[in-house]
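Comments concern the structure below.
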Amino acid sequence: MDEVMGKEHAVSFTEFLHELQKEWKFHLNGGTSYRQKTAELSLEVARKVRDVVPFLESEVAKQTVSRLLPDSDRHRVEDVAKMLHVIAKELHLNANLPDEVKAYVEQKRQH
């Protein structure tokens, strides 16, 4: 049996930061000022935490953002936490897809 079976692959902080930067640049090019600020704050929070793990759980993400952005209103905290959580979960899911699923997706992309 494969030794990796049952073990999760971690998402690197560098990869997480890269995806957050892409999100920020995306919103700079035509996004609302609110979304631009949310993406900017997401990057700021991630750089302070320097880890992906706190953002894999929605409630932990909210608590972390709330602690690091104490002057932000509840809606901003929730939006920043959601952005961090969604990106972290997406990266985590992609990193942990079985090889068979990755091969199937790649095959479908080529056709």
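The values are calculated or read from the model by the stated rules, or taken from the named source; none is laboratory data. All figures in this text were calculated on a predicted structure; none of them were measured in a lab. Counting neighbours? That spans all protein chains shown, and the Cβs are built from the backbone with ideal geometry, glycine included. Remember, those area values only see protein heavy atoms, side chains included, never the ligands or the DNA or RNA. Shrake-Rupley method; radii C 1.70, N 1.55, O 1.52, S 1.80 Å.
Summary table below
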| read-out | value |
| --- | --- |
| From K37, K48, residue being open to solvent by 50 Å² or more (accessible area, probe 1.4 Å), modelled with pLDDT of 95 or more and farther than 22 Å from E15 by Cβ | K37 |
| Elements of type helices (runs of 4 or more DSSP H) in the chain, at least 2 residues being β-branched (V, I, T) and touching a residue at least 24 places away in the same chain (Cβ under 8 Å) | 33-49, 74-95 |
| Odd one out for S12, checked against (1) exposed (fewer than 14 other Cβ atoms within 10 Å of the Cβ); (2) over 17 Å from E90 (Cα atoms) | (2) |
| Filter result (in contact with a Pro (Cβ under 7 Å, 6 or more places away or on another chain) and among the β-branched types (V, I, T)) within the stretch 41-93 | V60, T64 |
